[in-house]
Amino acid sequence: MLYKLHELQRSFLTPMAAFAEVGARAYGEGPLSVLPFADRISAGYELMYRLGKEYEKPAFGLEETTLDGPTGAVVPVREKVVASKPFCRLLHFERELPAGRARDPKVLVVAPLSGHHATLLRDTVRQLLHAHDVYVTDWVDARMVPLGKGPFHLDDYVAYVQEFLRLLGPDLHVLSVCQPTVPVMAAISLMATAKDPALPRSMTMMGGPIDTRRSPTEVNNLAMKKPYEWFETTVICTVPDKYPGTMRRVYPGFLQLGGFVAMNPRKHLQSHWDFYLDLVKGDDEDAEAHRRFYDEYNAVLDMPAEYYLDTIKTVFQEHALARGTWHVKGVRVAPEDIRDVALFTIEGELDDISGSGQTEAAHDLCTGIAATHKRHFTAPQCGHYGIFSGKRWREVIYPRLHEFIRAHE
């Protein structure tokens, strides 16, 4: 019922947003722009348009990159689908390299399945492309997956990661950002236990909930305060019949976005007010930065209900990975079995999503990895999103990641 009410609301907002878009153009650069206060009216209409419009999945838009090296060659980049599963596509950002260039390290970026699309890691991929052969997991919006494709559990996420590791490995480095640090750790642990020859050379884990008992955040506290049944009955909805995934149970993107905004409503209100003032002043650069951020931030996907509820229970309530009690298809996840995979953990000093020490906990679990093959870094004055996007990612974190991968290549 909640999903249907949301769709009904969208049916009212869509024509309003279209009207506001026309008004913004008419008063901004059209025949009405000569009227008094046209700049304020245009700004108000555009703000109304952006608050009411529906945000589609953005494109990565990475069409070229500048290669590291003395020549600094600019080469084309082609986005190719190299594997397609019901709930995920594996993308390859294929660069057209000049003749004679040595092979760059192959990196699999495991993107979060936690509300936003994989394009949230655009800046991560853009920076890596300078000196790496990059692959990315591009998760599919669950409302677009027909019910006949079956459910998708946390164990299925682990299986997907293993399949991609075997497809790309063993000369591979894995980078997991936020939520996937847990299933990636499970996938590699199980492969190590089975002595799988496709084990990657290194695994880098950034801002993830390996052990949420350490420095718990508001996100962690919510998962602990509410019983499992509360999540099952409160946030899980059924996809309506206008989508291919009709009747599939999901945690809808619109509820997730509401939760994101509710964590810091004043910040978002101030951001929208500043956007309005920038439009009035004609500050195009800051206004465009606002558009780019919210085009990405407001574009959300539905998560499969089984996967979301498994994550709540296994990761945030039972702490099964940290306690050594997690079993995937009957086999215990044993990080201590990992020996020949180097480990790098990265945290942000100001991260309010994954608290201090939650990612670093991986070192205590991976007792089989030699100390010389382990590394940890806490980025100063860096929040959660700053770990993988923005100036601190590019100038502080990436150089260390680049050096770590090269050291184990």
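The values are calculated or read from the model by the stated rules, or taken from the named source; none is laboratory data. Fair warning: this is a prediction, and the values are worked out from it, not measured in the lab. Ideal geometry is used to build each Cβ from the backbone, glycine not excepted, and the neighbour counts take in all protein chains shown.
A few notes on this one:
Conditions (1) assigned by TED's automatic domain parsing to the domain that holds VAL140; (2) over 15 Å from LEU222 (Cα atoms); (3) surrounded by fewer than 17 Cβ atoms within 10 Å (Cβ to Cβ); (4) in contact with a His (Cβ under 8 Å, 6 or more places away or on another chain), marked per residue:
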{"site": "PRO265", "(1), (2), (3), (4)": "no, yes, yes, no"}
{"site": "SER271", "(1), (2), (3), (4)": "no, yes, yes, yes"}
{"site": "ASP274", "(1), (2), (3), (4)": "no, yes, yes, yes"}
{"site": "ASP286", "(1), (2), (3), (4)": "no, yes, yes, no"}
{"site": "PHE293", "(1), (2), (3), (4)": "no, yes, yes, no"}
{"site": "ILE312", "(1), (2), (3), (4)": "yes, no, no, no"}
{"site": "PHE316", "(1), (2), (3), (4)": "yes, no, no, no"}
{"site": "GLY324", "(1), (2), (3), (4)": "yes, yes, yes, no"}
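- Selection over region 293-322 of residues that are among the hydrophobic types (A, V, I, L, M, F, W, C) and over 14 Å from GLY253 (Cβ atoms) gives a count of 8.
- Within region 58-85, residues that are within 27 Å of GLN162 (Cβ to Cβ) and in the same structural domain as LEU167 (by TED's automatic domain parsing) have Cβ atoms under 9 Å from residues that are of a type in the set (S, T, N, Q) and exposed (fewer than 11 other Cβ atoms within 10 Å of the Cβ) in no pair, counting only partners at least 6 apart in sequence or on another chain.
- Looking only at region 299-337, and only at residues there that are part of a loop (DSSP other than H, G, I, E, B) and not hydrophobic (A, V, I, L, M, F, W, C), the one that is nearest to GLY259 (Cα to Cα): ASP302
- Verdict on ASP141 being surrounded by fewer than 22 Cβ atoms within 10 Å (Cβ to Cβ), under 17 Å from the mean Cα position of the chain (by Cα) and touching a residue at least 60 places away in the same chain (Cβ under 8 Å): yes
- Some residue of region 152-171 being of a type in the set (Asp, Glu), in a loop (DSSP other than H, G, I, E, B) and either buried (at least 23 other Cβ atoms within 10 Å of the Cβ) or touching a strand residue (DSSP E or B) at 6+ places or on another chain (Cβ under 8 Å) (or both): yes
For (1) of a type in the set (Gly, Ala, Ser); (2) surrounded by 22 or more Cβ atoms within 10 Å (Cβ to Cβ), each residue gets a yes or a no:
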| position | (1), (2) |
| --- | --- |
| PRO335 | no, yes |
| THR345 | no, yes |
| SER354 | yes, yes |
| GLN358 | no, yes |
| HIS363 | no, no |
| ILE369 | no, no |
| LYS374 | no, no |
| PHE377 | no, no |
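- Residue within region 244-260 that is small (Gly, Ala, Ser), assigned to a loop (DSSP other than H, G, I, E, B) and surrounded by 14 or more Cβ atoms within 10 Å (Cβ to Cβ) present: yes
- Residues in region 256-276 that are free of Cβ contacts under 8 Å to residues at least 40 places away in the same chain and hydrophobic (A, V, I, L, M, F, W, C): VAL261, ALA262, LEU269, TRP273.
- A single entry from THR359, THR345 fulfils the requirement of being within 18 Å of ILE405 (Cα to Cα) and either among the polar types (S, T, N, Q) or not assigned by TED's automatic domain parsing to the domain that holds PRO180 (or both): THR345.
- Pairs meeting the criteria (first residue in region 389-409 and within 17 Å of LYS374 (Cα to Cα) and at pLDDT below 95, second residue among the hydroxyl-bearing types (Ser, Thr, Tyr) and outside any helix (DSSP H, G or I), beta carbons under 9 Å, at least 6 apart or on different chains) are GLU409/SER202.
- Remark: THR119 falls outside the filter, which requires a residue to be assigned to a strand (DSSP E or B) and either under 13 Å from the mean Cα position of the chain (by Cα) or free of Cβ contacts under 8 Å to residues at least 40 places away in the same chain (or both).
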